Amino acid sequence: MKLKEQFNQKGLRITKQRQIVMEVVEKHKGRHLSSSEIFELVKENYSGIGLATIYRTLPLLEKMKLLSKICLDDGCVRYEPYAPKEQEHHHLICVKCGAVYEVEADLLGIEEKQIIMNNHFSTQNYMVKLYGYCKTCAEEDVV
Ligand SMILES: [Zn+2]
Ligand SMILES: [Zn+2]
């Protein structure tokens, strides 16, 4: 579905700002941009935008399920394009250099699925974060 139609469906207008924010996040998919990084990148193409607008736009796009908010525990809120349940991915986070790797896999084991069932819980989506050392950092540590 086109971005414009998605906005129309929600009774919202697609503004230039909203469109550019979406474009920037999609273009840098996998980089997990923070609000201020998004702001810097948007500014390059659209100098008239203010940080306040970005802060207002991001939660709106998240509510519309166009963006997902992720928290990698580095003190800032980050965003990436929304992924439907089938295309979910998870994050491997290096605690030393902060590198983030994306993995696409069904990480729910039988046990987790059982817990979900036992609680009559229907999962909308889930995100798994695994913390550790990336290859480079792990090798550095050995030396
Ligand atoms: Zn990601
Ligand atoms: Zn690392």
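Given the conditions (1) farther than 28 Å from Ile20 by Cα; (2) surrounded by 11 or more Cβ atoms within 10 Å (Cβ to Cβ); (3) over 13 Å from the mean Cα position of the chain (by Cα), report the number of the one that Lys129 does not fulfil.
Condition (3) is where Lys129 drops out.
Return only the number of the condition from (1) within 16 Å of ligand 2 (Cβ to nearest atom); (2) over 27 Å from Lys135 (Cα atoms) that Leu72 does not satisfy.
Condition not satisfied by Leu72: (2).
Among the residues of the range 83-108, what is the count of those that are within 11 Å of ligand 1 (Cβ to nearest atom), in a loop (DSSP other than H, G, I, E, B) and not aliphatic (A, V, I, L, M)?
Summing the residues that are within 11 Å of ligand 1 (Cβ to nearest atom), in a loop (DSSP other than H, G, I, E, B) and not aliphatic (A, V, I, L, M) in the range 83-108 gives 3.
Can you find even one residue in the range 108-130 that is at pLDDT 90 or above, under 30 Å from Gly11 (Cα atoms) and touching a His at 6+ places or on another chain (Cβ under 7 Å)?
No: zero hits.
Which residues, counting only those in the range 74-113, are out of contact with any Leu (no Cβ under 9 Å at 6 or more places or on another chain), among the acidic types (Asp, Glu) and under 18 Å from Ile38 (Cα atoms)?
Asp74
Within the range 109-127, count every residue that is more than 28 Å from Met1 (Cβ to Cβ) and either part of a loop (DSSP other than H, G, I, E, B) or within 16 Å of ligand 2 (Cβ to nearest atom) (or both).
The number of residues fulfilling the criteria is 4.
Out of the range 92-108, which residues are among the aliphatic types (A, V, I, L, M) and either assigned by TED's automatic domain parsing to the domain that holds Gly30 or touching a residue at least 60 places away in the same chain (Cβ under 8 Å) (or both)?
Answer for the range 92-108, where residues must be among the aliphatic types (A, V, I, L, M) and either assigned by TED's automatic domain parsing to the domain that holds Gly30 or touching a residue at least 60 places away in the same chain (Cβ under 8 Å) (or both): just Val100.
Given the conditions (1) over 24 Å from Thr15 (Cβ atoms); (2) part of a helix (DSSP H, G or I); (3) of a type outside the set (Lys, Arg), which single one is not true for Thr57?
Among (1) over 24 Å from Thr15 (Cβ atoms); (2) part of a helix (DSSP H, G or I); (3) of a type outside the set (Lys, Arg), the lone unmet condition for Thr57 is (1).
The values are calculated or read from the model by the stated rules, or taken from the named source; none is laboratory data. Source: prediction; values computed, not measured. Positions of Cβ are generated from backbone atoms using ideal geometry, with glycine treated the same way; all protein chains shown enter the neighbour counts.
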